[in-house]
Amino acid sequence: MTADLRKFIFDDLQTVEGYLDPPDALVFLSLLQAQSDNGLNGGVAEIGVFYGRSYFLFKKVCNGEDKVLAIDLFDIDQQISGDVTQYSRFLDNGERLGLKVDEDLIIKGDSTQLRPNEITEKAGRIRFFSIDGGHMLRHVLSDSMLATDTLADHGIIAFDDTFNPAWPEVTVGVSDFLRDRQEQFAAFCMTKYKTYVCRREFYDFYRDAINNAADLMAFDHVETEFLGSKAIRLHNPMTRRMVYEVMVRSGMRSLSERVYR
């Protein structure tokens, strides 16, 4: 099954426009599998779907056993006619990948206007909450509150673009979240693009999951202090990233998985 999922990540998933790179896709896979292997169940929720790259990874890994809830304005690609094609392209991607979108688990709207029960009534308590919506401080603070209020005890929050200089308010928002809840939450893993957070009771469990995941052995594991906790930073060397990009652009996408072994 792992080989099939790796093929999906490095081949099929790359046909969907989006920003989830293989390193974070492998982190998603490793964490979701660690939860499932230990009976840590719950729904999956995502704020900021774009065209579904991470959504379809959630669907593939969960394999119909857990509900995957997608939240987005779906207002991208407005045509001269006034029609917006983001949602239709999202649905088309699901049909093409054989992972049909469950439209009963789609919320079209502004996440800052949602109430926690609107999420839990659809997907139950959330075991993995991906935040990649609005990138202003007010969005991050609101979305992190929503995640906190809907998270299972063993739940994970994945914050996107934490240290992206193009979106400095995301860094402020995530830092404020962890400072304000330092006794409750801790960052246990960081990548170039994302920061992974859990409740302190599960901090050791998720650190061990990252350290022991076979799919993450290709990365350097570097310990980084971040607001009261020691997070594992998964370093992906520039040379590997360059080789991967060359292979993909040369039409060798199906073989690019070997770069991350």
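The values are calculated or read from the model by the stated rules, or taken from the named source; none is laboratory data. In this text, all values refer to a predicted model and were calculated from it rather than measured experimentally. FYI the Cβ positions are ideal-geometry reconstructions off the backbone, even for glycines, and counts take in every protein chain you see.
Looking only at region 244-260, decide whether some residue is at pLDDT 95 or above and among the β-branched types (Val, Ile, Thr).
Within region 244-260 (the criterion being at pLDDT 95 or above and among the β-branched types (Val, Ile, Thr)), the answer is no, since none of the residues qualifies.
Determine whether Leu32 is part of a loop (DSSP other than H, G, I, E, B) and under 24 Å from Asp220 (Cα atoms).
no
Here are Leu29, Leu57, Leu105, Leu13: which of them is at pLDDT 95 or above, touching a helix residue (DSSP H, G or I) at 6+ places or on another chain (Cβ under 8 Å) and over 22 Å from Thr150 (Cβ atoms)?
Leu29
With respect to Val27, is the statement that it is part of a strand (DSSP E or B) and either closer than 21 Å to Ala70 by Cβ or of a type in the set (Phe, Trp, Tyr) (or both) true?
So Val27 fails the test.
Going residue by residue through region 3-15, is there one that turns out to be of a type in the set (S, T, N, Q) and either in a helix (DSSP H, G or I) or touching a residue at least 24 places away in the same chain (Cβ under 8 Å) (or both)?
First pass over region 3-15, keeping only residues of a type in the set (S, T, N, Q): 14-15.
Next, only the ones that are either in a helix (DSSP H, G or I) or touching a residue at least 24 places away in the same chain (Cβ under 8 Å) (or both) stay: 14-15.
Within region 3-15, one or more residues are of a type in the set (S, T, N, Q) and either in a helix (DSSP H, G or I) or touching a residue at least 24 places away in the same chain (Cβ under 8 Å) (or both).
Could you list, in sequence order, all residues of region 207-232 that are of a type outside the set (A, V, I, L, M, F, W, C), in a helix (DSSP H, G or I), out of contact with any helix residue (DSSP H, G or I) (no Cβ under 7 Å at 6 or more places or on another chain) and in contact (Cβ under 8 Å) with a residue 24 or more places away in the chain?
Listed by number, the list holds a single entry, Arg207.
Please verify whether Phe129 is buried (at least 20 other Cβ atoms within 10 Å of the Cβ) and either modelled with pLDDT of 95 or more or under 17 Å from Asp12 (Cβ atoms) (or both), treating the condition exactly as stated.
Answer is yes for this residue.
Considering region 182-206 alone, what residues qualify as being buried (at least 16 other Cβ atoms within 10 Å of the Cβ), in a loop (DSSP other than H, G, I, E, B) and at pLDDT 95 or above?
Thr191, the sole residue that qualifies.
What pairs come out if I take residues in region 233-248 that are over 15 Å from Leu26 (Cα atoms) and pair them with residues that are exposed (fewer than 12 other Cβ atoms within 10 Å of the Cβ) whose C-beta lies under 8 Å away, six or more apart or interchain?
Pro237/Asp220
Find the helices (runs of 4 or more DSSP H) located wholly in region 79-176 whose residues include 3 or more that are within 17 Å of Asp66 (Cα to Cα), and list them.
Here the list reads 116-123.
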